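First up is the structure itself, then whatever we jot down about it.
The values are calculated or read from the model by the stated rules, or taken from the named source; none is laboratory data. Computed from a prediction, not measured in an experiment: that's the story for all the values here. Please note: Cβ atoms are built from the backbone with ideal geometry, for glycine as well, and neighbour counts cover all protein chains shown. Surface accessibility is based on the protein's heavy atoms, side chains included, excluding ligands, DNA and RNA. Shrake-Rupley method; radii C 1.70, N 1.55, O 1.52, S 1.80 Å.
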Amino acid sequence: MLREICGIHDTLQFEIKHILPLEGGGRRCRSKVETYFFIPSSLCINPDTFTRKKFFKRLKSYVRLCIPLVPLHRFLDEDAPLCMLEKLLADRHLLTPKERKELFEDRVKILCLSFNRALEAWAGKVHHGRTDAPEQEVDDFIARTREVLQRYRAMQRQAEEAGLGDMPAYGYGDEYLSTITAYYGFRALDSLGAIDPAQNATNKEAVGKEAPNKEPGDKKPGDKEPGNTGARKLLDYIQAEIDYRKHVLHTVVPRADGDNELFVHRWSMLKKYMSSALFLDVRKRRDTEFWQQAAYSVAAAVAMVFATGIAFIWQGRYGSLSMPLFGALVIAYIFKDRMKDYLKARMASGLRRFLSDRKRTIFRNFTTAIGVCKETFSFINESALPKEVAALRDKVHMVDISAAFRLETIICYRKDMELRSSAFKIVRNCFSDGLLDISRIGVHDFLMYMDEPEEQLYALKDGGGYIKASGNKVYHMNIIRRHILDKGTVCHRYRIVLDRNGIKRIEKLR
């Protein structure tokens, strides 16, 4: 099943996430996607104002592993990351010491990330009221998270006996697990209304973020206590975890009377450390430039043969020092220069069918190559669109006049990713569902020639008369993604609504 999400990253960037499922028992996996941008001509996006270099400057493309989804009630199953980490410490003779250290660090990180995702899902369930017995839900949360934390902390002796006690991954994992447990516990209290609303008005955030930014520290006089037994138990449990980090791990904890700058900085570094197990290193390759320069050399050689041939012919007829030869050499140089540029343009156009504008190698741990990514950017005419893309573009229009009179600039961005068999082994070791291909695209250059975001209008009042009103001035940029699969093609269409200030919303049309 093809899974893809297009959403807003911030007001100036949108993000497309495409999950690459790795199936087939170790065979190579290939993903070919063509993205077509239909841009209003009034935005003045053309080959002169928006070059290939600008496009790749605004494009941030990377690949990472999907975080395994393990519900909290199944986190103690035998195939869950916690049990697999325990088995790794028990089986000491199956791997070399170097391999064991690398795998141990990776599995600690995956355990922490999957536990964060499980708690995030649980907090979302409580926040949206999808539970009939909140107090029982809280009791289950305390029991399950406590067992996960106790079993993880019991591994310290096993890790030391296995020669892994000097690795910082274990201690960082303990701090991470304790921090997110307290954070989502507070989120649950906030959702259940167990904390004074006035106290938390400035700290309340939407459930679903991965990162805890603030946790209440020591209680102040006058703070409201939880009003039910389950909430009181949960608050005591959270306090115990905060005390554990403060007195056992000796790490900084957030306080209600401080700016928490040190805690936020340390937590940011801890998140990046844990997430490093997911992200793959992507490096640019130079072989595409070699073939491009080789083609340009052929064009220069052909032009030089023409100029040299003219020189030989006229020199043999009029001699080496004569005015006719001088004139022939000047004309030959003019034609040689134009011929070289013409041949370069033609060869570059022809080579684009076989060579990419940017070719990169995907690495794991900076050493193991697991795939290749090829990318191509070009402006195309409407006649060059595939039939299914052209049909989907003409299918939905908000205003009838847009179908009858439509002037658009069309950009085609092709991405061809091929993953080797080594990618399957990495996914299995990290218990991941596959790889996540992420493309983040900036719209900075599209906003330059836009009108003001509001226009003055007039409207009639209900009781008679009229008033001045305002209307939002927006532009629609349509995007069609064409996935080329073994069994055919699948197309998705999105509409990005823009104004002078940036992205307003994204609508999925199909």
Summed residue charge, Cβ within 13 Å of I142's Cβ, Lys/Arg positive, Asp/Glu negative:
-3
G471: net charge of surrounding residues, Cβ under 10 Å, Lys/Arg +1, Asp/Glu -1, itself excluded?
-1
Accessible area per residue in Å² at 1.4 Å probe, computed on the range 241-327
64
Please label the shape of the range 39-189 as rounded, prolate or oblate, based on the square roots a ≥ b ≥ c of the eigenvalues of the alpha-carbon gyration tensor (a/c under 1.5 means rounded; beyond that, a/b larger than b/c means prolate, else oblate).
oblate
Packing-ranked peptide list from 318-328, 151-161, highest mean Cβ count within 10 angstrom first, is 151-161, 318-328
How much net charge surrounds E375 when only the other residues with a Cβ under 9 Å from the Cβ of E375 are counted, with Lys and Arg +1 and Asp and Glu -1?
+4
Which entries of K60/K504; K60/K415; K60/K473; K53/K415; K54/K340 show an alpha-carbon separation above 23 angstrom in the structure shown?
K60/K473; K54/K340
Expressed per residue, the solvent accessible area of the range 446-493 in Å² (1.4 Å probe) is about 67
Cα convex hull of the range 309-390: mean projected area in nm², to one decimal?
11.2
In the range 104-197, what percent of the accessible surface is made up of carbon and sulfur (1.4 Å probe, ligands and nucleic acids excluded)?
43
Surface per residue (accessible, 1.4 Å probe) for the range 46-188, Å²
46
By what distance, in whole Å, do the Cα atoms of the range 230-314 stretch along each of the three principal axes, largest value first?
100, 25, 24
For the range 232-279, compute the orientation-averaged projected area of the C-alpha convex hull (one quarter of its surface), in nm².
4.6
